[in-house]
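The values are calculated or read from the model by the stated rules, or taken from the named source; none is laboratory data. Treat the numbers as computed from the prediction; the structure is a model and nothing was measured. Ideal geometry is used to build each Cβ from the backbone, glycine not excepted, and the neighbour counts take in all protein chains shown.
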């Protein structure tokens with residue numbers, strides 16, 4: 001083992017630490033590109049090799065991070081007179097090191113291999129509508145992730161430990177409080193909407209919509225929003241996602257020829273992720289100052305663009321002529337398109353196709369099932385029935401198949417237990433950030449209607465993107481909005497928007 005003297009001999013331990021972090025990031029980024037390729041371009045038979053490749057890369061980055069020299073550098077930096085940004089780098093590096101050092105290398109490799117194999121199994125199980133094909137892989141990942149959490153902190157709720165992987169700066173109790181607020185707000189609001197006599201247009205996008213033409217529309221919309229094609233690309237995948245960094249951030253979507261709105265909103269959602277990644281400081285690439293502030297903030301960016309821009313009336317004023325250029329047979333007005341884009345579904349089982357309100361009940365279902373799986377209160381074999389029961393309880397519908405039920409999302413094939421709450425946290429944060437931007441930007445509504453996004457771009461770059469991981473989540477929200485992170489803005493936003501759409505008495 002290297003000694004303290006070795007660290008002391010370093011001319012600049014902070015510089016050596018940041019160079020080490022950049023090398024670790026490079027290995028992890030290479031794994032990200034291989035993961036993107038697996039979901040987008042890899043031939044079906046490539047899984048065995050890809051499993052080993054990703055396992056080795058995860059092992060290499062784990063070894064680099066947990067090397068004794070990393071700890072020596074972290075300790076040496078504690079004695080330096082660092083500025084606020086350097087202190088933030090040290091804080092983030094210390095957190096990542098301590099979590100990684102607690103987990104044995106062989107477990108890291110096992111999780112990587114198991115998740116790579118599970119992805120292919122999930123895709124086939126979904127295509128075949130056969131949960132039993134995926135069940136052994138899910139069971140294996142649940143076991144491995146329990147073991148992973150046990151190594152990190154045996155005295156904590158294992159689900160809370162796993163949640164930290166995606167949102168390390170917010171306590172699980174804060175996430176639970178926000179989810180509870182959403183349930184208390186949305187369940188009665190949805191009930192009132194379903195009892196409303198208002199005739200909201202729901203069929204503006206009925207018909208057949210060629211997938212190639214939908215892709216052309218998606219490309220036009222990405223260009224309108226300001227996507228940087230020099231540093232990005234659009235592809236298709238079984239589940240829409242974004243992958244990359246400030247130099248290369250790629251988006252994917254998927255097309256249903258009976259539902260152009262699904263692909264369009266997914267594309268706008270993924271634009272928000274990519275726009276955030278591309279806005280991170282280029283000069284800080286590979287260090288925490290050049291990395292996003294975890295998933296709640298990342299989801300706030302995608303949900304801001306999807307909901308506050310993409311589902312707004314001004315956006316449909318802007319985009320409807322383009323839509324009609326691609327699909328001239330569509331017989332819908334801007335108002336009808338806006339209403340259809342914001343209808344509250346009575347019978348939609350698919351999360352990524354959900355409206356703004358029922359969406360969060362989809363998240364609650366997944367959150368509750370994940371917690372029970374990790375705690376051991378739910379057996380994997382019982383997931384489909386439990387899923388369907390919860391859908392019936394919270395959403396009033398029962399999925400007809402596992403493909404549109406518990407197999408619809410990709411996350412569990414990655415072993416991403418603890419991820420789902422960040423979607424709702426991000427939606428709540430998006431409302432607060434957008435309200436602050438609206439206060440600061442003169443006539444933001446008019447600018448969206450005119451396709452002028454530069455001011456919104458600049459506001460997000462200045463208040464969110466440029467900080468990377470300098471601030472923890474609650475502090476970032478305070479810096480951007482001047483207030484503590486709260487669900488109040490989301491509650492007010494949906495009450496006003498859907499109160500107007502459905503003439504709700506409770507929202508008047």
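Checking the conditions here, which among 293, 233 is under 20 Å from the mean Cα position of the chain (by Cα) and without any contact (Cβ under 8 Å) to a residue 24 or more places away in the chain? Spell out the reasoning first.
Values: 293 fails: without any contact (Cβ under 8 Å) to a residue 24 or more places away in the chain.
Matching residue, one of 293, 233: 233.
Which of the residues that make up segment 91-112 are assigned to a helix (DSSP H, G or I), touching a residue at least 40 places away in the same chain (Cβ under 8 Å), farther than 15 Å from residue 61 by Cβ and in contact with a helix residue (DSSP H, G or I) (Cβ under 6 Å, 6 or more places away or on another chain)?
Result: 92, single match.
Only one residue in 392, 452, 404 is over 23 Å from the mean Cα position of the chain (by Cα) and either touching a residue at least 40 places away in the same chain (Cβ under 8 Å) or more than 30 Å from residue 122 (Cα to Cα) (or both). Which one? Can you show your working first?
On the way: 392 fails: either touching a residue at least 40 places away in the same chain (Cβ under 8 Å) or more than 30 Å from residue 122 (Cα to Cα) (or both); 404 fails: over 23 Å from the mean Cα position of the chain (by Cα).
Going through 392, 452, 404 in turn, the sole match is 452.
Note down all Cβ pairs under 7 Å where the first residue falls in segment 127-138 and is free of Cβ contacts under 8 Å to residues at least 60 places away in the same chain, the second is surrounded by 15 or more Cβ atoms within 10 Å (Cβ to Cβ), and they're at least six residues apart or on different chains.
133/121; 133/125
Matching residues to (1) in the same structural domain as residue 20 (by TED's automatic domain parsing); (2) at pLDDT below 95:
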| position | (1), (2) |
| --- | --- |
| 109 | yes, yes |
| 121 | yes, no |
| 130 | yes, no |
| 138 | yes, no |
| 143 | yes, no |
| 177 | no, no |
| 183 | no, yes |
| 188 | no, yes |
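Residue 117: more than 30 Å from residue 493 (Cα to Cα) and touching a helix residue (DSSP H, G or I) at 6+ places or on another chain (Cβ under 8 Å), yes or no? Walk me through it before giving the result.
Numbers: more than 30 Å from residue 493 (Cα to Cα): yes; touching a helix residue (DSSP H, G or I) at 6+ places or on another chain (Cβ under 8 Å): yes.
Taking the combined requirement at face value, the residue satisfies it.
Kindly check whether there is at least one residue in segment 263-280 that is in a loop (DSSP other than H, G, I, E, B) and free of Cβ contacts under 8 Å to residues at least 24 places away in the same chain. Outline the logic, then answer.
Let us first name the residues in segment 263-280 that are in a loop (DSSP other than H, G, I, E, B), namely 279-280.
Remaining after also requiring free of Cβ contacts under 8 Å to residues at least 24 places away in the same chain: none.
Among the residues of segment 263-280, not one is in a loop (DSSP other than H, G, I, E, B) and free of Cβ contacts under 8 Å to residues at least 24 places away in the same chain, which makes the answer no.
Picking from 7, 88, which residue would you name as being in a helix (DSSP H, G or I) and at pLDDT below 95?
Answer to the selection: 7.
Kindly indicate the residue of segment 164-173 that is farther than 13 Å from residue 370 by Cβ and touching a residue at least 12 places away in the same chain (Cβ under 8 Å) and also surrounded by the most Cβ atoms within 10 Å (Cβ to Cβ) among those meeting that condition. Spell out the reasoning first.
Taking segment 164-173 and keeping what is farther than 13 Å from residue 370 by Cβ, we get 164, 167-171, 173.
Applying the additional criterion that residues be touching a residue at least 12 places away in the same chain (Cβ under 8 Å) yields 164, 167-170.
Working: 164: 21, 167: 25, 168: 18, 169: 19, 170: 21.
If we take residues in segment 164-173 being farther than 13 Å from residue 370 by Cβ and touching a residue at least 12 places away in the same chain (Cβ under 8 Å), then 167 is surrounded by the most Cβ atoms within 10 Å (Cβ to Cβ).
With 65, 74, 34 as the choices, which residue is out of contact with any strand residue (DSSP E or B) (no Cβ under 9 Å at 6 or more places or on another chain) and either outside any helix (DSSP H, G or I) or closer than 27 Å to residue 234 by Cβ (or both)? Steps first, answer last, please.
Working: 65 fails: either outside any helix (DSSP H, G or I) or closer than 27 Å to residue 234 by Cβ (or both); 74 fails: either outside any helix (DSSP H, G or I) or closer than 27 Å to residue 234 by Cβ (or both).
Answer to the selection: 34.
Could you please give the count of residues in segment 437-490 that are assigned to a helix (DSSP H, G or I) and either at positive phi or surrounded by 18 or more Cβ atoms within 10 Å (Cβ to Cβ) (or both)?
The initial filter retains those residues of segment 437-490 that are assigned to a helix (DSSP H, G or I), namely 437-440, 444-449, 454-463, 465-467, 473-481, 488-490.
Of the ones still in play, those that are also either at positive phi or surrounded by 18 or more Cβ atoms within 10 Å (Cβ to Cβ) (or both) are 437, 444, 448, 456, 459-460, 463, 465, 467, 473, 476-477, 480-481, 489-490.
So the count comes out to 16.
Which is buried (at least 19 other Cβ atoms within 10 Å of the Cβ) and under 30 Å from residue 407 (Cα atoms), of 90, 73, 119? Walk me through it before giving the result.
Working: 90 fails: under 30 Å from residue 407 (Cα atoms); 73 fails: under 30 Å from residue 407 (Cα atoms).
Going through 90, 73, 119 in turn, just one is buried (at least 19 other Cβ atoms within 10 Å of the Cβ) and under 30 Å from residue 407 (Cα atoms): 119.
Out of 55, 59, 51, report the one residue that is surrounded by fewer than 18 Cβ atoms within 10 Å (Cβ to Cβ) and modelled with pLDDT under 95. Reasoning before the result, please.
Details: 55 fails: surrounded by fewer than 18 Cβ atoms within 10 Å (Cβ to Cβ); 51 fails: surrounded by fewer than 18 Cβ atoms within 10 Å (Cβ to Cβ).
Being surrounded by fewer than 18 Cβ atoms within 10 Å (Cβ to Cβ) and modelled with pLDDT under 95 holds for just one of 55, 59, 51, which is 59.
For segment 335-350, what are the residues that are crowded, with 18+ Cβ neighbours inside 10 Å and in a helix (DSSP H, G or I)?
Once the filter is applied, which keeps residues that are crowded, with 18+ Cβ neighbours inside 10 Å and in a helix (DSSP H, G or I), segment 335-350 yields 336, 337, 338, 339, 340, 341.
Only one of these conditions is not met by residue 227: (1) in a strand (DSSP E or B); (2) within 22 Å of residue 282 (Cβ to Cβ). Which number is it?
All conditions pass for residue 227, except number (1).
Which members of segment 38-54 meet the condition of being under 16 Å from residue 241 (Cα atoms) and out of contact with any helix residue (DSSP H, G or I) (no Cβ under 8 Å at 6 or more places or on another chain)?
40, 41 - these are the residues of segment 38-54 that are under 16 Å from residue 241 (Cα atoms) and out of contact with any helix residue (DSSP H, G or I) (no Cβ under 8 Å at 6 or more places or on another chain).
On the basis of being surrounded by fewer than 23 Cβ atoms within 10 Å (Cβ to Cβ), touching a helix residue (DSSP H, G or I) at 6+ places or on another chain (Cβ under 6 Å) and either in the same structural domain as residue 304 (by TED's automatic domain parsing) or part of a helix (DSSP H, G or I) (or both), does residue 434 make the cut?
Values: surrounded by fewer than 23 Cβ atoms within 10 Å (Cβ to Cβ): no; touching a helix residue (DSSP H, G or I) at 6+ places or on another chain (Cβ under 6 Å): yes; either in the same structural domain as residue 304 (by TED's automatic domain parsing) or part of a helix (DSSP H, G or I) (or both): yes.
Spelling it out, it is not the case that residue 434 is surrounded by fewer than 23 Cβ atoms within 10 Å (Cβ to Cβ), touching a helix residue (DSSP H, G or I) at 6+ places or on another chain (Cβ under 6 Å) and either in the same structural domain as residue 304 (by TED's automatic domain parsing) or part of a helix (DSSP H, G or I) (or both).
Would a scan of segment 233-255 turn up a residue that is assigned by TED's automatic domain parsing to the domain that holds residue 457 and in a helix (DSSP H, G or I)?
No, segment 233-255 contains no residue that is assigned by TED's automatic domain parsing to the domain that holds residue 457 and in a helix (DSSP H, G or I).
Go through segment 351-365 residue by residue and tally those that are under 19 Å from residue 263 (Cβ atoms) and either part of a loop (DSSP other than H, G, I, E, B) or not assigned by TED's automatic domain parsing to the domain that holds residue 384 (or both). Break it down stepwise before answering.
Quick first cut of segment 351-365, residues under 19 Å from residue 263 (Cβ atoms) only: 351-356, 359, 362.
In the following step, the residues that additionally are either part of a loop (DSSP other than H, G, I, E, B) or not assigned by TED's automatic domain parsing to the domain that holds residue 384 (or both) were identified as 354-356.
Number of matching residues: 3.
Would you mind finding the one in 368, 299, 404, 329 that is within 22 Å of residue 189 (Cβ to Cβ), modelled with pLDDT of 95 or more, in the same structural domain as residue 491 (by TED's automatic domain parsing) and surrounded by fewer than 18 Cβ atoms within 10 Å (Cβ to Cβ)? Show your work before the answer.
Numbers: 299 fails: surrounded by fewer than 18 Cβ atoms within 10 Å (Cβ to Cβ); 404 fails: within 22 Å of residue 189 (Cβ to Cβ); 329 fails: within 22 Å of residue 189 (Cβ to Cβ).
Just one listed residue meets the conditions, 368.
Among the numbered criteria (1) under 24 Å from the mean Cα position of the chain (by Cα); (2) part of a helix (DSSP H, G or I); (3) surrounded by fewer than 18 Cβ atoms within 10 Å (Cβ to Cβ), which single criterion is violated by residue 42?
Failing condition for residue 42: (2).
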